[in-house]
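What follows is a single structure, written as structure tokens, with notes after it.
The values are calculated or read from the model by the stated rules, or taken from the named source; none is laboratory data. Since this is a predicted model, take the numbers as computed values, not measurements. Here the Cβ is made from the backbone with ideal geometry for all residues, glycine too, and neighbour counts use every protein chain on show.
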Amino acid sequence: MLRLQKKHLCGIMSIILIALSSTIHGQDDNQPKIDGKALFKSKCASCHQPHKNSTGPKLFNIRNKWEEGGAQEGSIYLWVKNWQTAAATDPYAQSVSEVMPSAMTAFPDLSNDQIDAVFNWVDEQPVPSKNAGDVADKNNSGETEEESGLVIWFLLGISFIVIILSVGGVRRQLSISLKEKEGTGDGKDKLTYTQEIKALAWKYRLHTGIISLVILIALLVVVFQKLYSIGVVEGYQPSQPIAFPHDVHAGKNGIDCKYCHNSVTKSKTAGIPSVNVCMNCHKQIQGEDEAKQEISKIYAAAGFDPTKLYHKQGKPIPWTKVHVLPDHVYFNHSQHVVVGGVDCKQCHGDMTTMSETAKVWPISELNKVEGNIKLTRPTLTMGWCIECHDKKEVSSGSLDNRKNGYYDEIHKRLLDNDKDLYKKYLKDNKVSVKELGGWECGKCHY
């Protein structure tokens, strides 16, 4: 009978492992090249749901709806990339633009294959039942969905626990049977699992305490790592209405950053170039191929036609903001650029190499830029600012070396009231932002 129990246990273990292995390998083999779900969440979920109208219309079976409505072939792809262009060329797209009062965000960076991947994923979502209520809405919006990889690991963990307990139970029964046969039982064999574990933990209480402490510390570390990741937006790169290659403008053509962002030296904000600034050059430069298509969008915003010049009312280009700080944080570009002497690349990276629209550069990439102060905290976090204020000098040597008048009063007060403190500041032959109060809360927070 004992041999039979072993045989059955081995068979059960083999079946579980084979099933899990098949599930994992099957998932890898069928993994799509383009993740439509991820694209939907990052690009569409803020305005659309699969089966429910939201800020935008529901997307389930949307391709068939457009085809049945008489839309031109490929019009829906053009709509996603730029709805205004689609509305101007397709009567059906024009009728769609009049249904919803809110204008759709343009996604010129999405390919047709990526758009298809999003629609394919949406069409695969089950239609919620009438009494599904809020649960169905949450499932559709992706709020309660779990990643399949985590589910697999969870199943693996449960399976191995079951296997360990099964093997332990068989071993325990074999031990009890053997002792009863030999007449060597001492009564302790009748203990329950819980009693055995308590007795074992007490016997090896030192080891149990150390293991428990390690597990507790590990859990706390994991929790704090998750907390520290809240609000970190490194790598954020939203779609823009017009593709702007910085490497062509700032790199190849050598246009200074301040030509387009002309308020960076005199204002809190760096400013976004107006349509007229773009037209200063592109009134003559019309581009070729893909560049010509993007420049035509500038012409549309300016109301410009190369053959008719300015023939209609222009409108601003709705650029999407990339670097967004919380409302309670104060940041002044002119103070950093003019007074602090901070180069744009310290925060924004080397834009002369950026072929895509702007993004929040990760700290690992910022540290590779020549001349940048090497920092460790994630970009746009409080630790990032504080670390820079500690390492960045406002003056190499005495404050009066700046010769811009900004630090004259502070220089005078230090010399008149606390020369020893000033000498302490200058021990490393520089005066840092931190030494002048750059770590005070009120410097950055309202």
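In the stretch 242-254, the residues that are over 17 Å from MET279 (Cβ atoms) reach residues that are among the aliphatic types (A, V, I, L, M) with C-beta atoms within less than 6 angstrom, at least six apart or across chains, in these pairs: HIS246/MET351; HIS246/MET354; ASP247/MET354; ALA250/MET351.
Look through LYS52, LYS58 and report the one residue that is in contact with a Lys or Arg (Cβ under 8 Å, 6 or more places away or on another chain), touching a residue at least 60 places away in the same chain (Cβ under 8 Å) and surrounded by fewer than 17 Cβ atoms within 10 Å (Cβ to Cβ).
Answer to the selection: LYS52.
Counted as qualifying within the stretch 29-143 are the helices (runs of 4 or more DSSP H) with 3 or more residues that are modelled with pLDDT of 75 or more and closer than 22 Å to ALA301 by Cβ, namely 75-81, 83-89, 91-97.
Would you please name the residue that is farthest from LYS321 (Cα to Cα), looking only at residues in the stretch 366-394 that are of a type in the set (Asp, Glu) and buried (at least 16 other Cβ atoms within 10 Å of the Cβ)?
Out of the qualifying residues, it is GLU393.
Does VAL394 meet the test of being touching a residue at least 60 places away in the same chain (Cβ under 8 Å), under 22 Å from ALA270 (Cβ atoms) and either touching a strand residue (DSSP E or B) at 6+ places or on another chain (Cβ under 9 Å) or assigned by TED's automatic domain parsing to the domain that holds VAL431 (or both)? It is false that VAL394 is touching a residue at least 60 places away in the same chain (Cβ under 8 Å), under 22 Å from ALA270 (Cβ atoms) and either touching a strand residue (DSSP E or B) at 6+ places or on another chain (Cβ under 9 Å) or assigned by TED's automatic domain parsing to the domain that holds VAL431 (or both).
For the stretch 407-429: of the residues being of a type outside the set (A, V, I, L, M) and surrounded by 15 or more Cβ atoms within 10 Å (Cβ to Cβ), which is nearest to SER334 (Cα to Cα)? Show your work before the answer.
Kept after step one, since they are of a type outside the set (A, V, I, L, M), are these residues of the stretch 407-429: 407-409, 411-413, 416-420, 422-425, 427-429.
Checking which are surrounded by 15 or more Cβ atoms within 10 Å (Cβ to Cβ) leaves us with 407, 411, 422, 425.
On the way: TYR407: 15, HIS411: 21, TYR422: 26, TYR425: 25 Å.
Only one residue fits best here, namely TYR407.
Among the residues examined, SER355 does not qualify as among the hydroxyl-bearing types (Ser, Thr, Tyr), surrounded by 13 or more Cβ atoms within 10 Å (Cβ to Cβ) and at negative phi. Whenever a residue of the stretch 207-233 is in a helix (DSSP H, G or I), its partners that are surrounded by 10 or more Cβ atoms within 10 Å (Cβ to Cβ) and among the hydrophobic types (A, V, I, L, M, F, W, C), lying with C-beta atoms within less than 6 angstrom and at least six residues away or across chains, give the pairs THR208/ALA201. When LEU375 is tested against (1) in contact (Cβ under 8 Å) with a residue 40 or more places away in the chain; (2) assigned to a loop (DSSP other than H, G, I, E, B); (3) over 25 Å from PRO273 (Cβ atoms), only condition (1) is not met.
Considering the conditions (1) touching a residue at least 40 places away in the same chain (Cβ under 8 Å); (2) touching a Lys or Arg at 6+ places or on another chain (Cβ under 7 Å); (3) not in a helix (DSSP H, G or I), GLN286 is excluded by exactly one of them, (1). All conditions in (1) at pLDDT 90 or above; (2) under 20 Å from GLN335 (Cβ atoms); (3) surrounded by 12 or more Cβ atoms within 10 Å (Cβ to Cβ) hold for GLU440, with the sole exception of (3).
The residues of the stretch 234-254 that are within 25 Å of VAL80 (Cα to Cα) and outside any helix (DSSP H, G or I), listed by number, are GLY235, TYR236, GLN237, PRO238, SER239, GLN240, PRO241, ILE242, ALA243, PHE244, PRO245.
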